[in-house]
Amino acid sequence: MKKFIKCFLVLIFIVTFLYFGCKGDEVTSSGYSCNQECQDQNVGYGITYLFNSVWEQHLLNLTGNVDTNVNGPKGGSAHVTGYIEPYYPNTVNLTYDMLDCKDSDENFNLTFNGGLHITGCMSYDKQLTLSSVSEIAYTGTVGKKVNVPVNDTCQIYIDANQNGLSGTICGRSFSYYNYNK
């Protein structure tokens, strides 16, 4: 019986050691990295994702003149002003004045501060331009399974459509297509 208990305890120790000793390796051993281009792609994706999240949660059914305060998807807030065309294709001319406005998914976890001007069409063939009113501050992490820290304050300009994004972040050009995640 003592031999059984000793074997059982050794087995528990080995299983526990393997589980906790190797658990952290899965995330860091992916071989994936996130260079500056990757960071800019994910920041561009993140701010566009935030716009879409706020649109779907708070603005989707509004038309005409808009002047409202909304909660950020994961915290913070945005004061949204502008105009939403009441008829198809829902042309928009909006400004989001963001204060610690947060959003995240598997590619980013970001907080934004500053004004973002959005113009374009919200129909099925979505065509939008997102540009900073003044410099936008962003901080957080980006990169699928990498969590590279980012922190900057600069001008942002993005052309977005159903196929992807392109533009500049802090003067650096980027392109992000839906298959790039």
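Table for the structure above
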{"quantity": "Residues of region 37-55 satisfying the condition of being open to solvent by 30 Å² or more (accessible area, probe 1.4 Å) and either touching a residue at least 12 places away in the same chain (Cβ under 8 Å) or more than 15 Å from the chain's Cα centre (by Cα) (or both)", "calculated": "37, 39, 49"}
{"quantity": "Failed criterion for residue 94 (all others in (1) over 15 Å from the mean Cα position of the chain (by Cα); (2) under 19 Å from residue 125 (Cβ atoms); (3) open to solvent by 20 Å² or more (accessible area, probe 1.4 Å) hold)", "calculated": "(3)"}
{"quantity": "Residue tally, condition open to solvent by 70 Å² or more (accessible area, probe 1.4 Å) and of a type outside the set (Lys, Arg), over region 128-152", "calculated": "5"}
{"quantity": "Verdict on residue 76 being within 15 Å of the chain's Cα centre (by Cα), crowded, with 19+ Cβ neighbours inside 10 Å and either within 19 Å of residue 131 (Cα to Cα) or modelled with pLDDT of 95 or more (or both)", "calculated": "no"}
{"quantity": "Single unsatisfied condition, residue 83 versus (1) at pLDDT 95 or above; (2) among the aromatic types (Phe, Trp, Tyr); (3) farther than 21 Å from residue 174 by Cα; (4) open to solvent by less than 40 Å² (accessible area, probe 1.4 Å)", "calculated": "(4)"}
{"quantity": "Matching residues in region 104-136 - criterion: being in contact with a helix residue (DSSP H, G or I) (Cβ under 6 Å, 6 or more places away or on another chain) and part of a loop (DSSP other than H, G, I, E, B)", "calculated": "107"}
{"quantity": "Extreme residue, nearest to residue 104 (Cα to Cα), among residues of region 129-173 that are without any contact (Cβ under 8 Å) to a residue 60 or more places away in the chain and of a type in the set (A, V, I, L, M, F, W, C)", "calculated": "137"}
{"quantity": "Members of region 103-127 found to be crowded, with 20+ Cβ neighbours inside 10 Å and within 14 Å of residue 52 (Cα to Cα), listed by number", "calculated": "103, 116, 118, 122"}
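The values are calculated or read from the model by the stated rules, or taken from the named source; none is laboratory data. Worth saying up front: this structure is predicted, and the values here are computed from it rather than measured. Counting neighbours? That spans all protein chains shown, and the Cβs are built from the backbone with ideal geometry, glycine included. Areas reflect the complete protein model, heavy atoms only, side chains present, ligands, DNA and RNA absent. Shrake-Rupley method; radii C 1.70, N 1.55, O 1.52, S 1.80 Å.
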